[in-house]
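What follows is a short report on a single structure.
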Amino acid sequence: MKNTPIERHLIDETINEFQIVDFSKATIREVKAIASKAEAASGVEFIKMEMGVPGLPPSAVGVKAEIAALQNGIASLYPDINGLPELKKEASNFIKAFINVDLSPEGCVPVTGSMQGTFASFLTCSQCDEKKDTILFIDPGFPVQKQQLVVMGQKYETFDVYDYRGDKLKEKLESFLKKGNISAIIYSNPNNPSWICLKEEELRIIGELATQYDVIVLEDLAYFAMDFRQDLSKPYQAPFQPSVAHYTDNYVLLISGSKAFSYAGQRIGVSCISDKLYHRSYPGLTKRYGGGTFGTVFIHRVLYALSSGTSHSAQFAMAAMLKAANEGQYNFLNEVKIYGERAQKLKEIFLRHGFHLVYDNDLGDPIADGFYFTIGYPGMTSGELAKELMYYGVSAISLVTTGSHQEGLRACTSFIKDHQYAQLDERMKLFAENHPVV
Ligand SMILES: Cc1ncc(COP(=O)(O)O)c(C=O)c1O
């Protein structure tokens, strides 16, 4: 076996130091810390693919509006708990322009990132009906959302959608829903970590079952319109971002400033509650709060208790970004489509050296190139592959942490620099030589 770019003992010692017994369960922060340490000790640059944070400059439209708002003195004022009226209006327009769905400004509620949106949604959904005490994840998914439920002491159930695409999704979902304990279903689309994109027929199944079993769908659109196989960037023109909103009234759409607008640092997103859900009262909410509807409890009870609203200046930024996108003056997808270009190049290198894509198609269509992709190597478990790649100076997280039952890793394209394709090619060539597939 040829020597690896990073001496094996360096990685092994660091893993021991962190007391990680099973590397497949290492968190993103742990993988990052080990990579940084090994990089400093060896002087060899790591190809970092573990973090899912934007690697691009923030939207200039947002920054400009935020600076102007601050100079106008808004920092001293508490924001309206319902949200800045201008942002609520533009979020409603954005949903019409890019999803082709009507949703009133009233239900568009600013949050400190989708993270807060899901936390507040989980909490509100869990309090509607005491028999419904469990959240269902269509996995793989974003690990922190399960942590949110652990923090609040709520139950969840999960299944890996890998084997349940298309028609098979119906029976699988029903096997959970018919038990009567599910309050809400959550998934992201495009999906973190696999970058699968649920198709209209699958969203129809989810929506129709949500209505039938009276559960709420939390549709996490953190990677809004970033399925670059189609041009979803033209406001008020098909094709639109697919959404469950076409198939049920029981939904909350979680739109984030973080990825589509590279605005993660300011912690801004909008949780958009359907008109019907906003105005619906639930026995559990009435009992706990003495009144209120889903929408008013979400805002005036839950969000008020969590953070008393969302950073005032970031709301001005988000309003300006959405407005410019709605008016066709700012093609936000142009700025982020580089992630897709990077994915295409990276996948080609991995595939050439014997790797395969784990989640590789959407009902027969090759998966899109985007922010993430998933890779596996013959005969290696997720943990083995994640650890082995560290010796080659490549860091990525195991799919185990995402609720996937497949063996493989999630690779993120956001931090890749131009000179690293040649580096990766060289290192994966060596990897393949050291791990011949029999
Ligand atoms: C699927 C998914 N949802 C939500 C988030 C968090 O978004 P925000 O930064 O708006 O809190 C992320 C961020 O990585 C994500 O991947």
Scanning region 410-438 for residues that are of a type in the set (D, E, K, R) and touching a residue at least 12 places away in the same chain (Cβ under 8 Å), the one surrounded by the most Cβ atoms within 10 Å (Cβ to Cβ) turns out to be Arg410
Cβ-Cβ below 8 Å, separation at least six or inter-chain, first residue in region 140-151 and outside the structural domain of Cys197 (by the TED database), second part of a loop (DSSP other than H, G, I, E, B) and more than 12 Å from the ligand (Cβ to nearest atom): which pairs?
-> none
What number of residues within region 38-83 are in a loop (DSSP other than H, G, I, E, B), touching a residue at least 60 places away in the same chain (Cβ under 8 Å) and more than 16 Å from the ligand (Cβ to nearest atom)?
-> 10
Give the residue that is farthest from the chain's Cα centre (by Cα), with candidates limited to residues of region 193-233 that are among the polar types (S, T, N, Q) and more than 16 Å from the ligand (Cβ to nearest atom).
-> Gln212
Considering only residues that are touching a helix residue (DSSP H, G or I) at 6+ places or on another chain (Cβ under 7 Å) and part of a helix (DSSP H, G or I), look in region 148-160 and name the one that is farthest from the ligand (Cβ to nearest atom).
-> Met152
The condition of being more than 24 Å from Asp249 (Cβ to Cβ) and assigned by the TED database to the domain that holds Gly269 holds, among Lys131, Lys155, only for Lys155
Within region 379-403, how many residues turn out to be crowded, with 24+ Cβ neighbours inside 10 Å and either aromatic (Phe, Trp, Tyr) or part of a loop (DSSP other than H, G, I, E, B) (or both)?
-> 1
Of all residues making up region 120-145, the number that are within 13 Å of the ligand (Cβ to nearest atom) and crowded, with 20+ Cβ neighbours inside 10 Å = 10
Only residues in region 335-350 that are surrounded by fewer than 19 Cβ atoms within 10 Å (Cβ to Cβ) count as the first member; pair them with residues that are not in a helix (DSSP H, G or I), Cβ under 6 angstrom, at least 6 apart or cross-chain, and list the lot.
-> Lys337/Phe228; Gln344/Asp369
Scan region 187-198 and report the pairs whose first residue is within 9 Å of Ile367 (Cβ to Cβ) and whose second residue is in a loop (DSSP other than H, G, I, E, B) and polar (S, T, N, Q), with Cβ atoms within less than 8 Å and a gap of 6+ or a chain change.
-> Ser194/Ser404; Cys197/Asn189; Cys197/Asn191
Find all pairs meeting these conditions: Cβ atoms under 8 angstrom apart; at least six residues apart or on different chains; first residue within region 354-368 and acidic (Asp, Glu); second residue at pLDDT 95 or above and part of a strand (DSSP E or B).
-> Asp360/Pro366
Go through region 91-119 residue by residue and tally those that are in contact with a strand residue (DSSP E or B) (Cβ under 7 Å, 6 or more places away or on another chain) and either buried (at least 24 other Cβ atoms within 10 Å of the Cβ) or not in a helix (DSSP H, G or I) (or both).
-> 12
Hey, among the residues in region 5-37 that are outside any helix (DSSP H, G or I) and among the polar types (S, T, N, Q), which one's surrounded by the most Cβ atoms within 10 Å (Cβ to Cβ)?
-> Thr27
Could you list, in sequence order, the residues of region 171-201 that are polar (S, T, N, Q) and either within 11 Å of Val215 (Cβ to Cβ) or not in a strand (DSSP E or B) (or both)?
-> Ser175, Asn181, Ser183, Asn189, Asn191, Asn192, Ser194
Which one is surrounded by the fewest Cβ atoms within 10 Å (Cβ to Cβ), of the residues in region 289-334 that are over 20 Å from Gly117 (Cβ atoms) and out of contact with any helix residue (DSSP H, G or I) (no Cβ under 6 Å at 6 or more places or on another chain)?
-> Gly290
State yes or no: is Leu77 in contact with a strand residue (DSSP E or B) (Cβ under 7 Å, 6 or more places away or on another chain) and either assigned by the TED database to the domain that holds Ala319 or acidic (Asp, Glu) (or both)?
-> no
Please state which of the following conditions Glu208 fails to meet, knowing it meets all the rest: (1) touching a residue at least 60 places away in the same chain (Cβ under 8 Å); (2) within 22 Å of Ile99 (Cβ to Cβ); (3) not hydrophobic (A, V, I, L, M, F, W, C).
-> (1)
Take region 224-258 and flag every residue that is in contact with a Phe, Trp or Tyr (Cβ under 9 Å, 6 or more places away or on another chain) and either among the small types (Gly, Ala, Ser) or at pLDDT below 95 (or both).
-> Ala225, Ser233, Ser243, Ala245, Ser256, Gly257
Every listed condition ((1) touching a residue at least 12 places away in the same chain (Cβ under 8 Å); (2) more than 18 Å from Asp102 (Cβ to Cβ); (3) out of contact with any Gly (no Cβ under 6 Å at 6 or more places or on another chain); (4) surrounded by fewer than 23 Cβ atoms within 10 Å (Cβ to Cβ)) holds for Gln230 save (1)
Out of Ser271, Ser281, Ser258, report the one residue that is of a type outside the set (A, V, I, L, M, F, W, C), touching a strand residue (DSSP E or B) at 6+ places or on another chain (Cβ under 6 Å) and not in a helix (DSSP H, G or I).
-> Ser271
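The values are calculated or read from the model by the stated rules, or taken from the named source; none is laboratory data. This is a predicted model, so every value here is computed, not measured. Don't worry about glycine lacking a Cβ; one is built from the backbone with ideal geometry, like all the others, and counts go over all protein chains shown.
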